[in-house]
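Trainee: Below is a structure I'd like to ask you about.
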Amino acid sequence: MSDPRATIEDVLNFTAIDFETANNSPASACSVGLVKVRGGRVVERASWFIRPPAGHDAFLEWNTRIHGIVESDVTHAKTWEQQYPDLVAFAEGDVLVAHNARFDMGVIAGGCAATGIDIAEHHSMCSLAVARKTYTLDSYRLPVAATAAGFSGFQHHDAAADAEACAAIVVHAAGFHGVPTVEALGAVTRVTINPVRARVEKPKTTTPQPRLSRRPMVFSD
């Protein structure tokens with residue numbers, strides 16, 4: 001079988017993104033992975049720890065069990081408001097692609113709301129939804145969908161690795177459907193590219209720790 005990427009012009013451009021969180025608050029991002037795709041090929045990668053804002057910085061055992069990050073890992077990391085401009089600059093206005101994009105875009109909106117900073121203009125596409133319209137699988141979790149796209153053996157729930165797996169799904173799916181852009185991929189799979197909305201709630205003047213449910217946050221990837 002020919003490589004699906006061979007049919008892609010130099011216009012398949014997007015940024016794949018993945019967050020890990022300290023707890024079930026969408027403002028509790030503790031790491032991010034970013035992968036920039038130009039012409040259907042990965043051209044740049046970045047990842048870093050994030051120190052969650054006060055009131056959202058408790059590390060739940062369940063979350064740590066999933067991604068392996070503990071509080072001491074982020075003690076000296078920059079905060080969300082310090083790092084968000086770097087995220088925006090890396091993406092360069094690209095469509096942000098994530099596996100279960102609702103979760104990851106919620107993290108962006110939650111981080112900005114909790115720290116009182118303006119959210120930039122973002123649009124997102126969900127690679128989970130794309131995978132469901134592209135492959136016939138028993139599961140569409142990230143490792144399974146990525147394997148279908150020819151990308152396997154990565155460290156799941158490492159933000160950098162997950163972002164690259166997400167990118168691989170979208171590149172492969174674009175080739176599979178014979179389309180050259182994420183917009184065309186969205187059209188052929190009927191997966192909407194959505195604007196990322198700011199959260200309505202304003203940051204509180206006091207920042208008590210949230211009541212953290214011991215129920216695990218649902219990760220669809």
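Trainee: For the chain, what does the accessible surface come to per residue with a 1.4 Å probe? Please give it in Å².
Mentor: Values: 11020 Å² over 221 residues.
Normalised by residue count, the accessible surface of the chain is 50 Å².
Trainee: Something else about it: Please work out whether segment 160-201 counts as rounded, prolate or oblate from its C-alpha gyration tensor, where a ≥ b ≥ c are the square roots of the eigenvalues and a/c under 1.5 means rounded, while otherwise a/b larger than b/c means prolate and anything else oblate?
Mentor: Here segment 160-201 falls in the oblate category.
Trainee: V191: net charge of surrounding residues, Cβ under 14 Å, Lys/Arg +1, Asp/Glu -1, itself excluded?
Mentor: So the surrounding residues net to +3.
Trainee: Please express the Cα-Cα pair-distance distribution P(r) of segment 1-105 as a list of whole percents, one per 5 Å bin, running from 0 to the bin with the greatest distance.
Mentor: Per 5 Å bin, starting at zero, the Cα-Cα P(r) for segment 1-105 comes out as 2, 12, 20, 21, 17, 11, 7, 5, 3, 1, 0 percent.
Trainee: About the Cα centre of segment 63-124, what is the dipole size in debye to 20, counting +1 per Lys and Arg Cβ and -1 per Asp and Glu Cβ, all else neutral?
Mentor: Computed about the Cα centre, the dipole is about 280 debye.
Trainee: If R₀ is 30 angstrom, what is the calculated FRET efficiency for the pair H76 and R190, using the beta carbon separation as r and rounding to 0.05?
Mentor: It comes to 0.10.
Trainee: Given +1 on the Cβ of Lys and Arg, -1 on the Cβ of Asp and Glu, and no further charges, what dipole in debye does segment 131-188 carry about its Cα centre, rounded to the nearest 20? Mind showing how you got there, number by number?
Mentor: Details: 3 positive and 5 negative charges, 41 e Å.
Roughly 200 debye for segment 131-188.
Trainee: Quick check: net charge around F14, other residues with Cβ under 11 Å of its Cβ, Lys/Arg +1 and Asp/Glu -1? Let's see the in-between values first.
Mentor: Values: positive: K36, R38; negative: E92, D94, E183.
Within the 11 Å Cβ shell, the charges total -1.
Trainee: Continuing with the same structure: Expressed as a whole percentage, what fraction of the accessible surface of segment 1-148 belongs to carbon and sulfur atoms when a 1.4 Å probe is rolled over the protein heavy atoms?
Mentor: Reported share for carbon and sulfur atoms: 49 percent.
Trainee: Still on this structure, please answer the following. Mind checking which of V35, N24, T115 is farthest towards the positive end of the chain's charge dipole, using Cβ charges of +1 (Lys, Arg) and -1 (Asp, Glu) about the Cα centre?
Mentor: It is N24, whose Cα lies furthest towards the positive end.
Trainee: Then there is this: Sort 88-95, 104-111 for me by packing, meaning the mean count of neighbouring Cβ atoms within 10 Å per residue, highest on top.
Mentor: Working: 88-95: 15.6, 104-111: 24.4.
Order by mean packing, descending: 104-111, 88-95.
Trainee: Tell me the label-point distance for the pair E183, I66, using the 7 Å Cα-to-Cβ offset, in nm and rounded to one decimal.
Mentor: 3.4
Trainee: So what is the 222 nm mean residue ellipticity for the chain from helices alone, if each DSSP H run of at least 4 adds -39500 (n - 2.57) and you divide by all residues, rounding to the nearest 500 deg cm²/dmol?
Mentor: The helix-only estimate for the chain comes to -10500 deg cm²/dmol at 222 nm.
Trainee: Compute and list, largest first, the equivalent-ellipsoid semi-axes of segment 60-101 from the alpha carbon gyration tensor, each √(5λ) rounded to a whole angstrom.
Mentor: Values: eigenvalues 122, 58, 8 Å².
Working from the Cα gyration tensor, I get semi-axes of 25, 17, 6 Å.
Trainee: When the dipole is taken about the Cα centre of the chain, and only Lys, Arg (+1) and Asp, Glu (-1) are charged at their Cβ, what size is it in debye, to the nearest 20?
Mentor: 640
Trainee: Sticking with this one: Using a/c under 1.5 as the rounded threshold, could you call segment 51-161 rounded, prolate or oblate? The axes a ≥ b ≥ c are square roots of the C-alpha gyration tensor eigenvalues, and prolate needs a/b larger than b/c, oblate otherwise.
Mentor: Oblate is the answer for segment 51-161, as a/c is 1.5 or above yet b/c matches or exceeds a/b.
The values are calculated or read from the model by the stated rules, or taken from the named source; none is laboratory data. What you are looking at is a predicted structure, and each value in this text was computed from that prediction instead of being measured. Here the Cβ is made from the backbone with ideal geometry for all residues, glycine too, and neighbour counts use every protein chain on show. The accessibility values were calculated without ligands, DNA or RNA, using every heavy atom of the protein model including side chains. Shrake-Rupley method; radii C 1.70, N 1.55, O 1.52, S 1.80 Å.
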